[in-house]
Every structure is written in structure tokens, then in C-alpha cells.
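Visitor: This is the structure I want to talk about, given as C-alpha cells.
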Amino acid sequence: MGFDLLGARRRALRAARRIPEDAPRVDVEIRRGSDVQRFRQELLADGPRWKITLQVLDARFKPVKIDEATTLRPGSLLLWFLRPGQPFEIGAFYHGRGTFQGYYINLIRPPRLQSPRWIIEDLYLDVWLPEGGDGVLLDEDELDAAVARGELSAAEAGEVRAVGARLLARSRRRGRPRWLPRSVGRSPAESVPALRLRRDAPGTFHAARISGRIIAFGLYLMAAVSATSAGFAAFTDAFLIAGPAQDAWRLTMLGEALLLAPLALGGWLPATRWPQPPLTDERSLFIATLAAGLAVLALSERTEWAGALLPVYATLGLFSLVFAVCRWRFDREVPAFALAGVAMTLVALVLLIAT
């Protein structure tokens, strides 16, 4: 699943295993012919398009061998993705030590997702996509046996095989399986903290996501402007005299900003695509704004610092405003700290501009 930068994946997996006591849960009943299994799973997302649950196999679980190299054991972490009305569910499997093992796809009848129990009828055939290996179909003999017993018609079995073949073919495309939701990153378990935040504190989640995309836009734009400026400096006289080259340089930078802004804010650039835990919250922003505001009031010569402090305060004010709007919109709460931060920012900006 790629390089584990600074142990971020290990930390995310440890966090995923610590299921909060008050986390919402759902009872899942898996029916495979006469065999019925029941599991209790953490409900991470319960949207109209995707249902996402988390399961950590306890000590009572009997090991299940998937292939020659993979066995599910107690302690394994399973992240399940279910789309209402679709004939399959997807599991991202992790070893107890945190190693990603692969994607397991159950072929099912469209699930019944009424409270308090989800009922899933397994249609025997499965698709296994091991990490670093080729996908395979599993339990084809069990599907044939179910037809022989009269549990499935030959026509339904043929449809199941066709769905399995399509999923297997799609799995051979490079990169992350494209049937997973966009709210999940390249390593699904890394998305668990963000999914919990989105479930429990949607205002903070959306504010953090927007703030992160704004920061990413600034970094991308800085890199693009730097490269553009270096090119113009090397091959034109744009920085020596006013003229067409200088106008072209300015227009190019404007075009880069106009191109990058929707890509970054829409989450289409690599650094903005996947959800991450928040870098800050409205309380921390308020403390930072308060500290900076006291610094403005303490400065006797504000004119010397205005050039440096104006962008700092504009940034703090923007992020505080984002938190205020998102908390009000999604949490339906009065975001006192965020509103206080916005007010302090406006006062500080007035003082800096007036001087």
C-alpha cells in the first residue's frame, strides 16, 4: 500500500482499532445457504450511497483460510463497504499486525438494511484481490453445489458469475479499486479517523477539509509561480523592464491561480483528494488569533510589522470564518470560538491598515 511516511499508517491502524465505547454499531447477519453468522460492527458511514462498517475479529473468531498466503485470524481488521441495491460488498482486510492483505468481494443479493439488523444473503462466489498478486474467483464449486441443491437457479448462478467476471476484470486496472467511495484513501484504514470525525462532528470535519484544501492551493500555487518565474527570468527580460514579457508573466500567474483554485478546492489534486484528521480546530484558531491580536496591540510601531502581519491575520480570519460557517451549517451550533476569532481578526486588520 505504499511507503508509510513517518509511521502515519501504523498510527492510523492503531487508532482504527480503538473503537469508542459510544460509537454507533449495527448487527450484520450473513446468510450463506443454511449457514447464518452474526457480527456486530462499528457503523462509520450510513449515507444513501455508501454504508461503511468496521470489524475487528475477536478471540472467539475461528481462523479462516482465504488462499495459501492469507488467513483471517483473531485481531484482523476488516473494513466493509456496502452500496444499497448493488450485488456485492467489499472488504479491505488487514492482518493483526497492521499489514494490508487485500480486497475481498462478496457476491450477494441486494441487502436488506432495515434497523436493527442488516441481512445479507451471500451467493457463494467471491472475488479475492490479494495485495501484490492477481485477483482470483473463490468458491466456484460451492456455487455449483448450491445450484445442484436447488438453492439457486442456473440463471441466477450465471448472473453471479458474470458479476464476478466483471469485478475481476476491473481489478486488473492499476491503482486503487475504482468502485470504492471517494471518501476513502489509498489505504482504507487510514481513512477511519476522518470517517469517525465526519460521523461525530461533521462541522469540524468539513471545516478541516476545506482549510486543508486552501493550504494545499497555496502550496501548489507557490510551486507553480516559482517555476514560472524561474522560467521567465531565464529566458525573458520580464524582471528587468516593463513590457510584453512582464505582462505575459503576470497573466501566466493569474491563469495558474484560476486553474489550481477549482482543482484544489474541489479535491482533485493529490494532496487534497483523501480525507485527513484535522490539523486544528476552532478553539486552537481562537487561541492563535488571540495571541496574535495581543501582539498587534503591544506593537508600538505597527507600520514596520503591518506587511508581515496582514497576511497572517487574513489567513487566521479566513480559517476562523470557514469553521464558523461549517459548524453552523453542519452541527447546527453557535460556533462561539470561531465567531470570536473572526471578530478579533477584523479588529486587528483595521488597526494594522489604519496605521
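Visitor: Does Gly218 fit the bill of being on the phi > 0 side of the Ramachandran plot and either surrounded by fewer than 20 Cβ atoms within 10 Å (Cβ to Cβ) or among the hydrophobic types (A, V, I, L, M, F, W, C) (or both)?
Guide: So Gly218 does not fit the description; no.
Visitor: Working only within the stretch 43-56, note down all residues that are among the small types (Gly, Ala, Ser) and touching a residue at least 24 places away in the same chain (Cβ under 8 Å).
Guide: The one that is among the small types (Gly, Ala, Ser) and touching a residue at least 24 places away in the same chain (Cβ under 8 Å): Ala45.
Visitor: Within the stretch 44-56, how many residues turn out to be in a strand (DSSP E or B), of a type in the set (A, V, I, L, M, F, W, C) and closer than 16 Å to Arg199 by Cβ?
Guide: Number of matching residues: 4.
Visitor: Further question on the same structure: Any residue in the stretch 30-42 that's over 21 Å from Arg149 (Cα atoms) and touching a residue at least 40 places away in the same chain (Cβ under 8 Å): show its pairings with residues that are open to solvent by 50 Å² or more (accessible area, probe 1.4 Å) and among the basic types (Lys, Arg) at Cβ separation under 8 Å, as long as the two are six or more apart or on different chains.
Guide: If the second residue must be open to solvent by 50 Å² or more (accessible area, probe 1.4 Å) and among the basic types (Lys, Arg), no pairs are left.
Visitor: So, one more: Could you grab me the full set of residues in the stretch 57-78 that are among the hydrophobic types (A, V, I, L, M, F, W, C), outside any loop (DSSP other than H, G, I, E, B) and free of Cβ contacts under 8 Å to residues at least 40 places away in the same chain?
Guide: Val64, Leu72, Leu78, listed by residue number.
Visitor: Next question, about the same structure. How about the stretch 125-153: which of its residues are small (Gly, Ala, Ser), open to solvent by less than 50 Å² (accessible area, probe 1.4 Å) and assigned to a loop (DSSP other than H, G, I, E, B)?
Guide: Gly133, Gly135
Visitor: For the stretch 225-243, does any single residue satisfy the condition of being free of Cβ contacts under 8 Å to residues at least 12 places away in the same chain, surrounded by 12 or more Cβ atoms within 10 Å (Cβ to Cβ) and outside any helix (DSSP H, G or I)?
Guide: yes
Visitor: Separate question: Mind telling me which of the residues Phe330, Phe286 ends up being modelled with pLDDT of 85 or more, under 24 Å from the mean Cα position of the chain (by Cα) and in a helix (DSSP H, G or I)?
Guide: Phe330
Visitor: Return the only residue of Arg182, Arg213, Arg198 being open to solvent by 50 Å² or more (accessible area, probe 1.4 Å), of a type in the set (Lys, Arg) and in a helix (DSSP H, G or I).
Guide: Arg198
Visitor: Count, please, the residues in the stretch 262-282 that happen to be assigned to a loop (DSSP other than H, G, I, E, B), crowded, with 16+ Cβ neighbours inside 10 Å and at pLDDT 80 or above.
Guide: So the count comes out to 2.
Visitor: Continuing with this model, one more query. Filter the stretch 185-194 down to the residues that are at pLDDT 85 or above and surrounded by fewer than 22 Cβ atoms within 10 Å (Cβ to Cβ) and list them by number.
Guide: Pro193
Visitor: On the given criteria, is Gly158 part of a helix (DSSP H, G or I) and without any contact (Cβ under 8 Å) to a residue 12 or more places away in the chain?
Guide: Yes, satisfied.
Visitor: Mind checking whether some residue in the stretch 100-112 is surrounded by fewer than 19 Cβ atoms within 10 Å (Cβ to Cβ) and in contact (Cβ under 8 Å) with a residue 60 or more places away in the chain?
Guide: no
Visitor: Take Ala92 and tell me if it is of a type in the set (A, V, I, L, M), part of a strand (DSSP E or B), in contact with a strand residue (DSSP E or B) (Cβ under 8 Å, 6 or more places away or on another chain) and open to solvent by less than 30 Å² (accessible area, probe 1.4 Å).
Guide: Yes, satisfied.
Visitor: Only one of (1) under 16 Å from Cys326 (Cβ atoms); (2) of a type in the set (Lys, Arg); (3) touching a strand residue (DSSP E or B) at 6+ places or on another chain (Cβ under 9 Å) is not met by Arg209, so which one is it?
Guide: (3)
The values are calculated or read from the model by the stated rules, or taken from the named source; none is laboratory data. Predicted model only: the values in this text are computed from it and were never measured. Glycine gets a Cβ as well: all are built from the backbone with ideal geometry, and neighbour counts include every protein chain shown. Side chains are part of the model used for accessible areas, which takes the heavy atoms of the whole protein and leaves out ligands, DNA and RNA. Shrake-Rupley method; radii C 1.70, N 1.55, O 1.52, S 1.80 Å.
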